[in-house]
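> If you scroll down you'll find the structure; I have some questions about it.
Nothing in this text is a laboratory measurement; each read-out follows from the coordinates by a stated rule. Computed from a prediction, not measured in an experiment: that's the story for all the values here. Cβ coordinates were reconstructed from backbone atoms using ideal geometry, including for glycine residues, and neighbour counts include every protein chain displayed.
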């Protein structure tokens, strides 16, 4: 069997690179140097915010009701500590809305 793969276009980077781009938020699922890799991705893709998720941890994220992330902008990194995914989603919506209104 032979499998031929085609690289998908980077949709968020394409949208963020438009001359009149909308406020863009991306996600970074990382296993090491989580914040550093997410900051690099934020810059490369010209995002306003990126949500960095450490997928190497077994106590959060996949197969867990809890998660913890770091929200990164061009000027700050804000850790959101471990909590339920439902509460984390509400925190993220509020933080993104605040950042959007400041932009």
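> Being surrounded by 16 or more Cβ atoms within 10 Å (Cβ to Cβ) and free of Cβ contacts under 8 Å to residues at least 40 places away in the same chain is the filter here; which residues of the stretch 1-27 pass it?
Scanning the stretch 1-27 gives 12, 16, 24, 26.
> Would you be able to tell me the number of residues in the stretch 47-64 that are free of Cβ contacts under 8 Å to residues at least 40 places away in the same chain, surrounded by 13 or more Cβ atoms within 10 Å (Cβ to Cβ) and part of a loop (DSSP other than H, G, I, E, B)?
Looking only at that region, the number is 6.
> Would you confirm whether any residue within the stretch 65-87 is within 14 Å of residue 27 (Cβ to Cβ), part of a helix (DSSP H, G or I) and in contact (Cβ under 8 Å) with a residue 24 or more places away in the chain?
no
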